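The block underneath contains the structure these notes are about, expressed in C-alpha cells.
The values are calculated or read from the model by the stated rules, or taken from the named source; none is laboratory data. Computed from a prediction, not measured in an experiment: that's the story for all the values here. For neighbour counting, all protein chains shown are included, and Cβ atoms are generated from backbone atoms with ideal geometry for every residue, glycine included. Areas reflect the complete protein model, heavy atoms only, side chains present, ligands, DNA and RNA absent. Shrake-Rupley method; radii C 1.70, N 1.55, O 1.52, S 1.80 Å.
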Amino acid sequence: MSVPLLKIGVVLSTMAMITNWMSQTLPSLVGLNTTKLSAASGGTLDRSTGVLPTNPEESWQVYSSAQDSEGRCICTVVAPQQTMCSRDARTKQLRQLLEKVQNMSQSIEVLDRRTQRDLQYVEKMENQMKGLESKFKQVEESHKQHLARQFKAIKAKMDELRPLIPVLEEYKADAKLVLQFKEEVQNLTSVLNELQEEIGAYDYDELQSRVSNLEERLRACMQKLACGKLTGISDPVTVKTSGSRFGSWMTDPLAPEGDNRVWYMDGYHNNRFVREYKSMTDFMTTDNFTSHRLPHPWSGTGQVVYNGSIYFNKFQSHIVIRFDLKTETILKTRSLDYAGYNNMYHYAWGGHSDIDLMVDENGLWAVYATNQNAGNIVISKLDPVSLQVLHTWNTSYPKRSAGEAFIICGTLYVTNGYSGGTKVHYAYQTNASTYEYIDIPFQNKYSHISMLDYNPKDRALYAWNNGHQVLYNVTLFHVIRSDEL
C-alpha cells in the first residue's frame with residue numbers, strides 16, 4: 001500500500017508548485033503591471049507612478065500644462081504608441097502561455113484520473129486486506145476450537161480405555177488358567193487310556209475324585225464366563241408394534257431346548273390376561289396364541305416368566321405370586337415386608353411400578369423401596385420355589401428418580417430416565433455391596449420406556465417402548481480370577 005500513497009504525494013506536490021509559479025509569473029508575462037494617475041484637490045496634478053515599462057514608447061507623457069481663468073490646471077497628455085507589432089507579440093506570447101496552461105491542465109487531469117484510480121485501487125486493496133485479516137482471525141479461532149474438541153474427544157476416549165488396562169491384565173492370567181485346565185484334561189485322558197490297557201495301576205476312587213474336582217472347576221469357569229460387567233448396549237431392534245403405551249413381554253430363560261414361547265401382558269394394572277405365543281415368529285405375526293387368566297390382576301410391568309411359572313405383583317398389595325402356567329394354579333404367595341406399593345415408590349414414569357421382579361444368571365430378584373430405607377432402592381434375592389427372601393441389600397439411590405432397572409450377573413443397573421435422552425448411569429454390585437456411577441449410552445427410540453428386563457439365555461434386554469416391543473443386545477466383559485475357582 002505504500003507505493004500508491006507515494007504516487008499521490010508526488011502528484012499533489014507537483015500541482016502546488018505549478019499553482020505557485022502561475023500566480024507569480026502570469027501578471028508579468030501578460031503585462032498586467034499598471035500606472036495610476038490621481039488628481040489632488042486644489043487643482044494641482046499629482047502623478048504617481050507604479051512599476052513603469054522600460055520602453056518610454058509604452059508609457060504616458062505630459063506634452064504641456066497651463067492654468068485657466070479659474071485657476072484650474074490643464075494638461076496635454078500624449079498616449080503611448082501602440083504598434084501592431086507589439087500587440088502581435090503579446091498576443092503570440094499569450095497564446096503560447098495559454099497553450100502551456102492548457103497542456104498543464106490536461107496533464108493535471110491525467111494525473112488526477114490516475115490518482116483517483118490509484119486511490120480506488122488502494123481502498124480496494126485495503127478492504128481486501130481487512131477481509132483477509134478477518135478470515136485469518138476466524139481460521140485461527142476455528143483451528144483452536146477444533147484442536148480443543150479433538151483434545152477433549154481424545155481425553156474422553158483415554159478415560160474410557162484406562163479402566164480396561166487391569167481387565168486386559170486379568171485376561172492374560174485367565175489364558176494361563178485355561179492352559180492349565182487343558183493340560184490337566186490331557187493328563188487325565190492319558191491316564192484313562194492307560195487304565196483301559198492296565199486296570200489297577202491307579203486307585204479308582206482317587207481318579208474319580210480328580211475327575212469330579214476338575215468337572216466342578218470347569219463348571220465354575222463356564223459360569224464365570226457367562227457373567228461379566230456391562231460395557232455396551234446395542235441399537236434397538238423393533239420386533240413388533242402392538243398394545244397400549246405400557247406393558248411387558250418376555251421369554252423363559254430356563255425353557256428347554258426348542259421351547260421358544262413368548263409371553264405378552266398389555267397394560268400395567270387391573271388386567272389378568274396373559275397371551276402365550278408358540279414362537280417369536282408367531283408373536284411377530286400375531287398368530288397362534290393362547291390366553292391365560294390369572295387369579296388376580298397384576299400391578300406394574302415387572303412380571304417375569306421363570307422355569308415354567310409366571311411371577312407377578314398382586315394389584316394394590318406387596319404380595320408376590322408364583323403362578324404355574326401349565327397347571328394354571330397358584331404355587332406360592334409371599335409378602336415383601338415393608339415394600340411400598342400402589343404408586344408409593346414407583347419408577348419415574350409411574351404406572352404402579354413399585355415392585356419389579358427380575359431374573360439373571362443367579363436366579364430370581366425383587367427390586368422395590370421401603371420407608372425404612374427412605375424410599376431408596378432395595379434389592380432382595382428370592383428363592384424361586386418358596387419366594388423366601390434369601391438376602392437383602394439397601395442402596396442409596398431414590399427409586400422415584402430411576403427410569404427403569406435390570407440385573408445382570410448380580411449387578412443392578414439403573415437408567416437416568418424413561419423418556420428422551422436415556423443412559424445407564426448407576427450400578428450396584430451385590431457381590432461386593434458397592435456402587436458406582438457409569439455412563440453407558442442407551443437409545444430410547446420411541447421416547448417412553450415402561451419395561452426393561454434382562455434375559456440371561458438370550459443375553460438381551462427386553463423393552464416395552466411406547467407400544468413397541470424392542471430388543472437390545474448387551475456387551476459384557478468376562479473376568480475369571482483363579483482365586484474364585
Could you give the length gained by full extension between Asp458 and Thr285, i.e. 0.36 nm per residue of separation minus their alpha carbon distance, to one decimal place? 60.2 nm
Which net charge results for the neighbourhood of Ala374, defined as the other residues with beta-carbon distances under 14 angstrom from its beta-carbon, given Lys and Arg at +1 and Asp and Glu at -1? +2
List Val139, Val367, ordered by accessible area with a 1.4 Å probe, largest first: Val139, Val367
Cβ crowding within 10 Å averaged over residues, with 333-340, 107-114 ranked highest first: 333-340, 107-114
For Met265, Met104, Met344, give the ranking by accessible area with the largest first, probe 1.4 Å. Met344, Met104, Met265
Got a number for carbon plus sulfur as a percent of the stretch 389-462's accessible area, 1.4 Å probe? 47 percent
For the stretch 273-295 and the stretch 365-429, what is the separation of their C-alpha centers, rounded to whole Å? 29 Å
Spatially near lysine pairs across the stretch 229-475, Cα under 22 Å, sequence gap of 8 or more or different chains: 18
Computed FRET efficiency, Cβ-Cβ of Leu331 and Ala148, R0 60 Å: what is it to the nearest 0.05? 0.45
Net charge near Tyr347: determine it from the other residues with C-beta under 12 Å of the C-beta of Tyr347, scoring Lys and Arg +1 and Asp and Glu -1. -1
Work out the length of the dipole vector of the stretch 229-475 about its Cα centre, built from +1 on the beta-carbon of each Lys and Arg and -1 on the beta-carbon of each Asp and Glu, and round it to the nearest 20 debye. 380 debye
Excluding same-chain residues fewer than 8 positions from Lys100, which lysines have a Cα within less than 17 Å of its Cα? Lys92
For the stretch 229-475, just say rounded, prolate or oblate: build the C-alpha gyration tensor, square-root its eigenvalues into a ≥ b ≥ c, call rounded for a/c under 1.5, and beyond that prolate if a/b exceeds b/c, oblate if not. rounded
Based on the Cβ-Cβ distance of Leu188 and Ser234, what FRET efficiency does E = 1/(1 + (r/R0)^6) give at R0 = 45 Å, to the nearest 0.05? 0.65
By the scheme Lys and Arg +1, Asp and Glu -1, what is the net charge of all other residues having a beta-carbon under 11 Å from that of Asn288? 0
